[in-house]
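The values are calculated or read from the model by the stated rules, or taken from the named source; none is laboratory data. Computed from a predicted structure; not experimentally measured. Here the Cβ positions follow ideal geometry from the backbone for every residue, glycine too, while neighbour counts run over all protein chains shown.
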Amino acid sequence: MKKYTLLAVFMLVVVATIATQLIIEKTDGTQHPFEINQIQNITFSNDVQGIILEDDFESYELNTFPTSGGWSIGYNGAGNQYQYITDQYSYQGSKSFRLLGASSWGAQMDNLLTDTPDVIYFEASFYSESTSHEGSFGLRNPNVGTWGTGITGVAFYDGMISIGSNEITEYVPEQWYKIRVKADLSNNKLSGWINDTIVLDEVDCTYSTVPYTHFYLHARNDGTNLVFFGNVKVWTE
């Protein structure tokens, strides 16, 4: 686990022509297309000035809670003992962070951010065993509001992926998805990528006026379903 404010600057420039359909192959061999906006000759510049949070969960002992990485339990879902590092599934490496919610009580893990810029990128990899009672991740302030206040994030819900308030596409269970988000709070814009393919490009977005303070991982509170997170990253331009 690495958590620090500054990292060596690097430039990533992607110039691509993106097709109007992205094909997702299901586990039974069938293919599911979904439409995305046609975006020609995109140039995405990611000049990273500082990584705020980075965690691949590889440094922790199995069956432990990653307290040393700054993670804390906001809500404990099915119980503290069910939220831990596992090698059952992994996006890269051999480990992931396993969460289990419960009916009427979600499992929410928070990590206090050392910097909260107006333009922020975040990403995580997500795996669900089914398309019900799944999970989410993103930016929040746990100290404002009865249950805290969400600012923006990514949700996997009833077999659909949403970024912010934008429902994007269906997904298949038992498969890893990497979702990246760029939130521009000063200009009310939102961008998103699924598995490195852009699906939202600077769309309008109305953010809460509550300032975000934490990055969160969440397993839903409307049932019991195992979800897994890997390769969390939060950074600024």
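Overview of results
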item	result
Top-ranked residue in segment 101-147 [being of a type in the set (Asp, Glu) and over 21 Å from residue 184 (Cα atoms); ranked as surrounded by the most Cβ atoms within 10 Å (Cβ to Cβ)]	134
Residues (of a type in the set (Asp, Glu) and in a strand (DSSP E or B)) located in segment 180-237	184, 201, 202, 204
Qualifying positions in segment 184-237 - buried (at least 22 other Cβ atoms within 10 Å of the Cβ) and over 22 Å from residue 116 (Cβ atoms)	194, 199, 219, 220, 227, 228, 230
Residue count for segment 167-179, restricted to those that are among the aliphatic types (A, V, I, L, M) and outside any loop (DSSP other than H, G, I, E, B)	2
Spans of strands (runs of 3 or more DSSP E) in segment 121-166 with at least 3 residues of a type in the set (A, V, I, L, M, F, W, C)	149-157, 160-163
Some residue of segment 122-130 being within 20 Å of residue 183 (Cα to Cα), without any contact (Cβ under 8 Å) to a residue 12 or more places away in the chain and among the acidic types (Asp, Glu)	no
Segment 78-89 residues that are modelled with pLDDT of 95 or more, paired with ones that are among the basic types (Lys, Arg) and assigned to a loop (DSSP other than H, G, I, E, B) (beta carbon under 7 Å, 6 or more apart)	85/95; 86/95; 87/95
Pairs where the first residue, in segment 191-216, is on the phi > 0 side of the Ramachandran plot and without any contact (Cβ under 8 Å) to a residue 40 or more places away in the chain and the second is assigned to a loop (DSSP other than H, G, I, E, B) and surrounded by 14 or more Cβ atoms within 10 Å (Cβ to Cβ), C-beta under 9 Å, 6+ apart	195/176
Of the criteria (1) exposed (fewer than 14 other Cβ atoms within 10 Å of the Cβ); (2) of a type outside the set (Lys, Arg); (3) closer than 21 Å to residue 125 by Cβ, which one residue 171 fails	(1)
Enumeration of residues in segment 151-168 that are without any contact (Cβ under 8 Å) to a residue 24 or more places away in the chain and surrounded by fewer than 15 Cβ atoms within 10 Å (Cβ to Cβ)	160, 167
